[in-house]
Amino acid sequence: MWKHGLRHNHPIRNTHKPTRTHQRIVHNHHADRLPGWLGEATRQTNADVGSAAGNAVSSSFAQAADAALSSSTARRTRPTPTLTPTPTERLEETNSGPIEAWPTWDGWPKFPTRTSLLLDGKWRFVFVGNVPFGAPLDALKPPTRVEAATAGEDVSVPSVFDNTPPGVRARRGVAWYIADVPVPAGRAVLLHFHACAFYCRIFVDGVPHAQNKVGGYSGFWVAVNAASSRHGRRRIAVLSDNRYSAVKAPTHTGGDFYMHGGLHRSVIAHILAPDTSVAIRCTEVSVANLDERTVVIRVTLAAFPIGGRLPETASLRVQFSNGDLVTFPTAEVVQMKGSDALGYTSIIATLPKDASGNLAKLWSPKNPQLQTLTLQLMESAQSNRILDAALVRFGMRTVSVLPATQGDVPRIALNGEAIKLVGFNRHTSTPESGSAMTRDEHQRDIELLLGAGANFVRGAHYPQDPRFLDLCDERGILVWEETLGPSVEVSHLKDEYFMKYQLAQAEAMVAESFNHPSVIIFAYYNEGPSDREESRAGYTRMSRFLHRRDPTRLVTYASSKGNADRFLDTVDIISLNNYPGWYHGFGPHGYGPNFVKRYWTRQVALAQRLGKPLLISEAGAGAIHEWKNNRSEVKWGQAYQAGVVKATASVACENSAFSGVALWQFADIKANDISTNAGCGCVEMANGQRDCAHVKTGNCTRGFARPKDTVSSDLLDRVDTFVLDCDGVLWEGATPIDQSIDALRELERLGKRLFFVTNNSAKSRSAYVEKFATLGFEAKQEQIITSAFVAAQHAASLNLNGSVYVVGGDGIRDELQQAGVEVAQEPPGGLEPACTAEEFVNDLVPDSNIKAVIVGCDSSFTYRKICYASRCIQAGAVFISTNLDAGDMHGGVLMPGAGACVGAICSALGRDEPDVNCGKPSSIMLSVIRDSRGVDLSRAAVVGDRLDTDIMLGVTGDAAVTVLTLSGVATVEDVAQAAADGGVVPTTVVPRLSALVF
């Protein structure tokens with residue numbers, strides 16, 4: 001399906017509800033309701049929506065898909081030549097017939113002494129399909145010319161081989177791209193691949209030269225020695241494998257966007273001068289002193305032939321665009337660790353003044369002034385022979401953090417002045433091209449961004465196409481660039497193999513983007529497990545690497561953990577992903593632009609506490625294309641969406657505490673196909689069958705698989721731990737549910753660890769031990785986790801230096817006392833239910849020692865308690881809820897729960913939610929389960945009777961299995977409705993707990 005945004009150019013309109021992961025969208029309708037910097041481009045874009053392709057709304061999905069395919073073909077901007085082989089023509093390996101006339105590379109950097117060919121154009125393509133991983137894949141050889149001619153087709157590179165409309169199964173497997181490149185005998189070659197996805201291996205003349213595992217969006221270089229070829233050509237064959245593999249493509253960890261496979265970015269062949277022994281691999285220019293216009297030039301050198309050694313010194317000449325040649329005769333060459341063939345040298349130079357004596361102009365969004373530098377590698381200081389030369393483009397600018405003024409937070413600064421970043425998240429994807437976007441498509445996006453008044457784009461969620469960065473340099477758009485790695489889990493960050501390639505990917509990203517002044521932020525691990533202490537090493541290593549590799553840029557990661565995040569001290573910017581007004585904060589009394597503003601304004605305290613700039617890195621709401629005229633309070637309506645987007649943009653732009661905002665999202669993209677029959681990561685084999693057995697699909701289907709009528713036979717083998725709800729799973733009221741006692745005994749006999757997690761805060765853990773025993777169950781106190789216990793532990797962790805006022809049962813008070821936290825006394829009037837206005841003002845004055853209010857289910861809940869709790873919170877006390885459950889089933893009737901009490905106090909305060917929720921499915925509850933009890937949820941089953949708490953807890957925590965029992969609140973109809981609405985559903989549904997084992 002499509003995830004929508006500002007560039008609304010897809011040929012199929014959205015006629016269904018997106019799934020939960022696909023709701024973060026920004027439609028381009030109702031432009032008059034959006035902030036000024038959004039309106040113009042959205043109005044401009046709306047003019048294109050009425051195209052014939054855009055109006056192809058079909059009565060069936062198949063018709064819509066057909067319309068998309070025909071429209072995509074008609075609108076394709078690159079011709080796709082068709083080859084009809086002549087049967088009588090002999091296409092042997094020694095064939096010396098005509099080859100493609102490749103154009104000259106005219107991008108950046110340029111190499112004046114080389115013949116640089118842009119290999120964008122016609123390549124031969126052969127789709128192989130499913131080749132088993134391991135030895136069969138590693139032994140695969142490129143097709144011969146005869147095989148390529150008879151089994152292949154011509155395609156245009158850049159391109160992808162799995163670009164289909166949403167819901168239409170795409171090819172997954174191994175494919176070959178083959179091209180002949182004219183290379184005179186005796187000339188070495190440096191091949192520069194801007195990207196190849198997912199896993200790629202490069203062959204030259206049938207010999208393997210390199211493989212790339214660092215991510216399908218990262219650039220890489222391949223060195224090729226000179227050869228004596230009487231035909232004057234080199235045959236390049238690229239193996240591309242778009243299957244998920246933790247070995248071959250370890251950085252492809254999932255995510256809610258479709259990852260295409262293929263040679264989807266440009267390829268350049270740099271043919272070196274004859275007898276080259278040393279070549280310039282790359283040149284990086286960084287600002288040393290902005291006021292004096294001084295730069296550091298770091299030059300990486302490569303020795304030829306491969307395996308050769310570099311000289312100890314190099315003679316370099318430097319010339320800026322308006323200056324004279326300056327010679328550095330004996331620059332020391334430092335050998336790179338682990339390679340005699342690679343080394344670097346660094347020199348410092350100053351940009352000359354212009355004819356009027358003015359300093360070189362700085363680069364900024366308002367004046368994107370670019371500089372050029374010619375670097376010549378000389379044979380010696382005495383010789384005029386140029387071994388190699390590079391022409392690079394860069395900008396004089398600095399990015400830094402301005403210290404906070406009193407009462408404010410630090411700000412992001414460009415060239416020493418605070419700047420507000422306003423823009424969008426942007427994926428590199430179109431319906432016509434997939435991820436192989438053309439330059440015209442990039443240019444169109446630039447115009448839309450500028451037309452919307454944007455000066456900032458977050459490249460989600462991978463390194464960006466150099467052609468797009470060139471345009472950003474030229475037009476003055478600032479860029480956040482990040483490594484590929486969405487849906488990263490703790491297990492990844494603890495895996496040294498994964499970290500090896502994640503760090504290698506970061507190195508490639510920095511190297512490819514170093515001279516782009518538009519790139520001001522490097523990032524990683526979008527919405528990763530930054531609330532898990534086990535992740536610290538993975539986060540710290542990446543932060544240290546990026547800070548050391550390029551200290552001229554700011555480092556961050558997009559966090560969805562808010563106050564529970566543990567590693568914000570390691571980055572330069574606090575970047576928050578959240579969707580107030582969409583995923584939360586919606587209801588008859590909860591939604592409104594003021595709620596969105598209140599939510600984001602509350603986040604300022606986090607930035608103040610940590611002393612770092614604050615950036616909204618994702619926010620927005622969803623809409624259905626046809627719902628243009630609904631009332632503004634109707635969720636999924638475009639008016640509702642526009643209200644959320646406008647409120648988000650306004651608070652970021654108007655509040656000086658924010659350094660900026662990146663709205664989700666800029667453009668329509670194809671999401672991963674978790675809601676379709678296409679599956680995720682499956683392979684289309686030559687016989688037309690579909691093979692998914694070897695593919696890592698957990699990140700694509702976790703939490704969204706359709707319920708099963710029976711339990712999978714391997715469920716018990718897949719988990720070591722069961723995290724079980726109590727009410728509705730083990731018992732109802734004071735009666736054990738049929739066979740639940742025997743089921744727990746059987747699970748223990750099988751060696752499973754059992755933990756009992758309940759949102760019920762009425763009892764302490766010790767009281768629950770007694771209830772377990774009374775009903776015939778066996779449980780130790782350390783196996784029991786209640787929301788009262790979690791709330792008390794959280795209160796203790798705040799170091800309140802004061803007391804806590806409790807609205808709730810004795811279970812909360814008992815747990816607070818066990819945690820060493822003082823419990824406040826009731827206000828004057830005690831438990832009297834009534835409260836007059838006079839009493840509210842004069843008698844219910846909050847005790848200044850009360851630093852927090854904890855609210856749970858209170859069977860003696862009164863108006864007086866609402867009044868006193870609200871006054872304490874208004875006086876500055878932290879508002880903590882034990883849980884937000886609306887109620888529980890008793891005797892077949894839903895009885896109000898803690899959510900009713902919490903909601904009443906929220907309503908009195910004019911807010912939608914408490915400061916902290918400690919019940920399921922909160923991150924605080926997850927942290928207690930993981931950290932204090934040592935539960936590895938990737939090997940655990942979460943069992944409960946509620947979709948919104950129990951099953952959501954399992955999905956949020958990436959549990960191996962989520963099991964819904966129909967013995968409590970949720971019904972089969974609820975599950976079916978959730979599936980239809982794209983909500984959270986369990987992986988397994990059973991009538992009762994005992995069905996898991998009997």
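The values are calculated or read from the model by the stated rules, or taken from the named source; none is laboratory data. Computed from a predicted model, the values in this text were never measured in an experiment. Cβ coordinates were reconstructed from backbone atoms using ideal geometry, including for glycine residues, and neighbour counts include every protein chain displayed. We work out accessible area using only protein heavy atoms, side chains counted, and drop any ligands, DNA or RNA first. Shrake-Rupley method; radii C 1.70, N 1.55, O 1.52, S 1.80 Å.
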Sole miss for Val479 among (1) out of contact with any Lys or Arg (no Cβ under 7 Å at 6 or more places or on another chain); (2) part of a loop (DSSP other than H, G, I, E, B); (3) of a type in the set (A, V, I, L, M, F, W, C) is condition (2)
Say whether the condition of being over 18 Å from Arg281 (Cβ atoms), in contact with a strand residue (DSSP E or B) (Cβ under 7 Å, 6 or more places away or on another chain), surrounded by fewer than 20 Cβ atoms within 10 Å (Cβ to Cβ) and aliphatic (A, V, I, L, M) is met by at least one residue in segment 382-394.
no
Selection from segment 611-635 of residues surrounded by fewer than 16 Cβ atoms within 10 Å (Cβ to Cβ) and of a type outside the set (Asp, Glu) yields Gly611, Lys628, Asn629, Arg631, Val634
Of those in segment 861-891 that are in a strand (DSSP E or B) and among the β-branched types (Val, Ile, Thr), the residue least open to solvent (accessible area, probe 1.4 Å) is Ile880
Exercise. Got at least one residue in segment 723-733 being in contact with a Leu (Cβ under 7 Å, 6 or more places away or on another chain) and modelled with pLDDT under 90?
Worked result: no
Considering segment 482-511, residues that are touching an Asp or Glu at 6+ places or on another chain (Cβ under 9 Å) and over 30 Å from Arg930 (Cβ atoms), and then whichever is surrounded by the most Cβ atoms within 10 Å (Cβ to Cβ), we arrive at Met509
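Within segment 916-934, does at least one residue satisfy the condition of being out of contact with any Ser or Thr (no Cβ under 6 Å at 6 or more places or on another chain), more than 30 Å from Lys752 (Cβ to Cβ) and hydrophobic (A, V, I, L, M, F, W, C)?
Quick first cut of segment 916-934, residues out of contact with any Ser or Thr (no Cβ under 6 Å at 6 or more places or on another chain) only: 916, 922-934.
Now drop any that are not more than 30 Å from Lys752 (Cβ to Cβ), which leaves 916.
Keeping just the survivors that are hydrophobic (A, V, I, L, M, F, W, C) gives 916.
Yes; the residues of segment 916-934 include at least one that is out of contact with any Ser or Thr (no Cβ under 6 Å at 6 or more places or on another chain), more than 30 Å from Lys752 (Cβ to Cβ) and hydrophobic (A, V, I, L, M, F, W, C).
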Given the structure, is Arg458 of a type outside the set (Ser, Thr, Tyr) and open to solvent by 10 Å² or more (accessible area, probe 1.4 Å)?
no
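Quick grid of which residues meet (1) farther than 14 Å from Asp138 by Cα; (2) of a type outside the set (Ser, Thr, Tyr); (3) open to solvent by less than 10 Å² (accessible area, probe 1.4 Å); (4) assigned to a loop (DSSP other than H, G, I, E, B):
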| position | (1), (2), (3), (4) |
| --- | --- |
| Ala179 | yes, yes, yes, no |
| Pro184 | yes, yes, no, yes |
| Arg187 | yes, yes, no, yes |
| Leu191 | yes, yes, yes, no |
| Cys200 | no, yes, yes, no |
| Phe203 | no, yes, yes, no |
| His209 | no, yes, no, no |
Pairing a residue in segment 114-139 that is closer than 29 Å to Ile268 by Cβ with any residue that is surrounded by fewer than 17 Cβ atoms within 10 Å (Cβ to Cβ) and of a type in the set (Val, Ile, Thr), where Cβ atoms lie under 7 Å and the two sit 6 or more apart in sequence or on different chains, gives Ser116/Thr104; Leu117/Thr104; Leu118/Thr104
Exception for Ala649 within (1) open to solvent by 60 Å² or more (accessible area, probe 1.4 Å); (2) at pLDDT 90 or above falls at (1)
- Looking at segment 512-532, is at least one residue surrounded by fewer than 19 Cβ atoms within 10 Å (Cβ to Cβ), over 15 Å from the mean Cα position of the chain (by Cα) and not in a loop (DSSP other than H, G, I, E, B)? no
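This table checks each residue for (1) of a type outside the set (D, E, K, R); (2) open to solvent by 50 Å² or more (accessible area, probe 1.4 Å).
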residue: Trp108; (1), (2): yes, yes
residue: Phe111; (1), (2): yes, no
residue: Phe125; (1), (2): yes, no
residue: Val128; (1), (2): yes, yes
residue: Ala135; (1), (2): yes, yes
residue: Ala139; (1), (2): yes, yes
residue: Pro143; (1), (2): yes, no
residue: Asp154; (1), (2): no, no
From the option list Asp958, Asp981, single residue qualifying as on the phi > 0 side of the Ramachandran plot and of a type in the set (Asp, Glu) is Asp958
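Filtering segment 533-561 down to residues that are small (Gly, Ala, Ser) and open to solvent by less than 20 Å² (accessible area, probe 1.4 Å), which residue is nearest to Gln603 (Cα to Cα)?
Taking segment 533-561 first, the residues small (Gly, Ala, Ser) are 535, 537-538, 543, 558-560.
So of that shortlist, the ones also open to solvent by less than 20 Å² (accessible area, probe 1.4 Å) come out as 535, 538, 543, 558-559.
Details: Ser535: 23, Gly538: 25, Ser543: 23, Ala558: 14, Ser559: 12 Å.
Filtering segment 533-561 for residues that are small (Gly, Ala, Ser) and open to solvent by less than 20 Å² (accessible area, probe 1.4 Å), the one nearest to Gln603 (Cα to Cα) comes out as Ser559.
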What about Arg234, is it buried (at least 20 other Cβ atoms within 10 Å of the Cβ), at pLDDT 90 or above and outside any loop (DSSP other than H, G, I, E, B)? yes
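Given Pro827, Pro833, which one is open to solvent by less than 50 Å² (accessible area, probe 1.4 Å), assigned to a loop (DSSP other than H, G, I, E, B) and in contact with a Phe, Trp or Tyr (Cβ under 9 Å, 6 or more places away or on another chain)?
Details: Pro833 fails: open to solvent by less than 50 Å² (accessible area, probe 1.4 Å).
Within the list Pro827, Pro833, the selection yields Pro827.
Restricting to segment 278-312, name every residue that is closer than 25 Å to Phe394 by Cβ and part of a loop (DSSP other than H, G, I, E, B). Spell out the reasoning first.
At the first step, the residues of segment 278-312 found to be closer than 25 Å to Phe394 by Cβ are 278-302, 310.
Passing the criteria: Leu290, Asp291, Glu292, Arg293, Leu310.
For segment 381-413, which positions are assigned to a loop (DSSP other than H, G, I, E, B) and among the polar types (S, T, N, Q)? Break it down stepwise before answering.
Of all residues in segment 381-413, those assigned to a loop (DSSP other than H, G, I, E, B) come to 381-385, 395-398, 403-410.
Selection gives Gln382, Ser383, Asn384, Thr398, Thr405, Gln406.
Are any residues in segment 414-443 of a type outside the set (A, V, I, L, M, F, W, C), over 19 Å from His260 (Cβ atoms) and not in a loop (DSSP other than H, G, I, E, B), and if so, which ones?
So in segment 414-443, the residues of a type outside the set (A, V, I, L, M, F, W, C) come out as 415-417, 420, 423, 425-435, 438-443.
If we keep only those that are over 19 Å from His260 (Cβ atoms) too, we end up with 415-417, 420, 423, 443.
Scanning segment 414-443 gives Glu417, Gly423, Gln443.
Taking the conditions exactly as written (closer than 21 Å to Val596 by Cβ and either open to solvent by 30 Å² or more (accessible area, probe 1.4 Å) or outside any helix (DSSP H, G or I) (or both)), does Leu894 satisfy them or not?
Details: closer than 21 Å to Val596 by Cβ: no; either open to solvent by 30 Å² or more (accessible area, probe 1.4 Å) or outside any helix (DSSP H, G or I) (or both): yes.
For Leu894, the condition - closer than 21 Å to Val596 by Cβ and either open to solvent by 30 Å² or more (accessible area, probe 1.4 Å) or outside any helix (DSSP H, G or I) (or both) - is not met.
Counting only residues that are of a type in the set (D, E, K, R) and open to solvent by 10 Å² or more (accessible area, probe 1.4 Å), which one in segment 921-951 is nearest to Thr965 (Cα to Cα)?
So the first thing to find is which residues in segment 921-951 are of a type in the set (D, E, K, R), and the list is 930-931, 933, 936, 939, 945-946, 948, 950.
Imposing the further condition that a residue be open to solvent by 10 Å² or more (accessible area, probe 1.4 Å) reduces the set to 930-931, 933, 936, 939, 946, 948.
Working: Arg930: 23, Asp931: 26, Arg933: 24, Asp936: 22, Arg939: 19, Arg946: 8, Asp948: 13 Å.
It comes out as Arg946.
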Among Arg298, Arg293, Arg317, the single one that is out of contact with any helix residue (DSSP H, G or I) (no Cβ under 9 Å at 6 or more places or on another chain), under 24 Å from Glu512 (Cβ atoms) and at pLDDT 85 or above is Arg298
